[in-house]
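Visitor: Quick one: structure below, then a few questions.
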Amino acid sequence: MERPDVRILSAASTLPGQPVDNGALARRFRMDPVWTQWVDAFVGTRNRHLSIDLATGEVRQSLADLAASAGQRALAGAGIDAADVDVVVMGTATPDTLMPATVNVVADRLGIDGVPTYQLQSGCAGAVQALDVACRMLAGGARTALVLAGDVSTKYFDLGVDLRKLPSAELVNVVLFGDAAGAAVLSTEPVAHSTAIRGLLNRLTGKGRAPGHTLDWFGPADRTSQRPAAVEDFKAIEQSVPVMAVEILKELLEELGWHRTDVDYLLPPQLSGRMTARIVEQLDLPVATEISCVVDTGNTGNALPFLQIEQALSKMAPGDRALGIAVESSKWIKAGFALERC
């Protein structure tokens with residue numbers, strides 16, 4: 001039996017608060033102005049949106065807050081009600097709590113009940129994994145899926161730390177990341193002016209490889225541990241992600257039978273502004289328009305593909321094609337997707 005086409009009816013995203021630039025971070029953490037110049041030159045991220053108040057440390061918005069907002073906007077954009085949703089899937093590396101699952105809190109806020117829900121614990125590939133699971137559920141008979149993804153990385157900020165004493169593996173986490181959530185409504189209904197998902201890649205390739213990024217969890221037994229909560233091997237990521245991105249592009253094109261000149265829009269990995277620029281150059285898609293947002297949002301983890309998809313949907317004309325690429329550096333997952341406007 002042939003699988004039905006899965007289409008994206010709408011996508012939406014939510015960013016917390018006002019943008020925080022590198023100067024604001026430098027002032028908050030008492031860093032030398034030269035540090036700001038270093039971030040601009042070597043990281044290339046100008047702004048990020050934070051769910052905490054830098055002055056007080058107060059948490060202003062949770063992941064559930066952001067995801068519920070994005071989900072509500074996506075449902076409204078698709079013109080459907082909560083009662084029309086048959087399945088909800090969420091990808092995140094930073095759930096609000098281990099239990100209850102954040103996906104269920106969001107579903108409750110949106111008025112969704114009586115349907116299967118899934119929460120995937122993953123880094124930057126989690127949004128694509130969530131799309132994959134939703135597409136499989138739709139192929140099995142469900143008609144409409146709400147897919148959510150996002151991260152609140154600032155829960156790992158220690159506002160009392162002296163950044164001048166941090167090793168680079170920990171310091172980079174302060175400048176790279178921002179908070180956000182995204183959502184998309186998927187359907188098997190042949191809705192006019194929708195965008196079909198033509199391909200999905202989701203493959204673990206981390207056998208025998210050390211993690212490139214670790215987020216730890218501390219329970220009552222080890223909450224006083226001196227090990228850092230977040231560690232990133234930026235050198236390993238800098239070496240591996242561009243190579244993996246090229247491999248993902250090649251696999252998707254071969255699977256679809258598309259040529260490089262068939263791609264109208266490229267949604268590249270969004271680790272940082274400088275890294276994205278390098279990756280786009282190596283991908284070498286001659287006619288594709290790049291859709292990137294990391295320079296102004298920071299790396300928002302699982303939210304990023306939906307921030308990009310939201311922009312792509314507003315630009316794509318009938319017949320246009322888009323390719324999205326995501327790399328999960330914590331345990332090295334290749335992920336990507338292909339879209340075509342119907």
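Visitor: Can you tell which of Q37, A326, G17 lies farthest toward the positive end of the dipole of the chain, using +1 and -1 charges on the Cβ of basic and acidic side chains (Lys, Arg; Asp, Glu)?
Guide: Positive-most Cα among the choices belongs to Q37.
Visitor: Let me spell out the model: positive unit charges on the Cβ of Lys and Arg, negative unit charges on the Cβ of Asp and Glu, origin at the Cα centre of segment 1-156. What dipole size does that give, in debye rounded to 20?
Guide: Rounded to the nearest 20 debye, it is 360 debye.
Visitor: So if I take the centroid of the Cα atoms in segment 181-203 and the same for segment 62-124, what is the distance between those two points in Å?
Guide: 16
Visitor: Relative contact order of the chain: what whole-number percent is it, with Cα pairs under 8 angstrom and at least 6 residues apart?
Guide: Details: 774 pairs, mean separation 86.6, N = 342.
Dividing the mean separation by the residue count of the chain yields 25 percent.
Visitor: With only Lys, Arg, Asp and Glu charged, each at its Cβ (+1 for the first two, -1 for the last two), find how big the charge dipole of the chain is about the Cα centre; round to the nearest 20 debye. Before the final figure, lay out each step's value.
Guide: Numbers: 31 positive and 40 negative charges, 110 e Å.
It comes to approximately 520 debye.
Visitor: Do any chymotrypsin sites (Phe, Trp or Tyr not before Pro) in segment 198-253 lie in a DSSP loop with no more than 10 other beta carbon atoms within 10 Å, and if so, which?
Guide: Passing sites in segment 198-253 are W217.
Visitor: Separate question: Tally Lys and Arg at +1 and Asp and Glu at -1 over the other residues with C-beta under 13 Å from the C-beta of D84: what net charge comes out?
Guide: Computed value for this residue: -3.
Visitor: Now, a different point. Which far-off residues, 5 or more places away or on another chain, put their amide H under 5 Å from the one on L201, with H placed in the peptide plane?
Guide: Here G336, F337 satisfy the definition.
Visitor: I've got another one for you. Which of the peptides 276-282, 319-325, 299-305 is most tightly packed, and how do the rest follow, going by the mean number of other Cβ atoms within 10 Å of each residue?
Guide: Order by mean packing, descending: 299-305, 319-325, 276-282.
Visitor: While we're looking at this one, here's another question. Among A221, I291, G336, pick out the residue whose Cα is farthest towards the positive end of the charge dipole of segment 195-341, where Lys and Arg carry +1 and Asp and Glu carry -1 on C-beta, about the Cα centre.
Guide: Value: A221.
Visitor: Would you mind putting 188-194, 25-31 in packing order, based on average other-beta-carbon counts within 10 Å, highest first?
Guide: In descending order of packing, they fall as 25-31, 188-194.
Visitor: Using the Kyte-Doolittle scale, which helices in the chain average at least 1.0 and also have C-alpha atoms spread 18 Å or more along the helix axis, with helices defined as whole DSSP H runs?
Guide: Membrane-span-like by this criterion, though nothing is claimed about a membrane: 126-139.
Each value in this text was obtained by applying a stated rule to the coordinates, not by laboratory testing. Bear in mind that the values here come from a model prediction, so they are computed numbers and not experimental data. Using ideal geometry, Cβ is built from the backbone for each residue, glycine included, and neighbour counts are taken over all protein chains shown.
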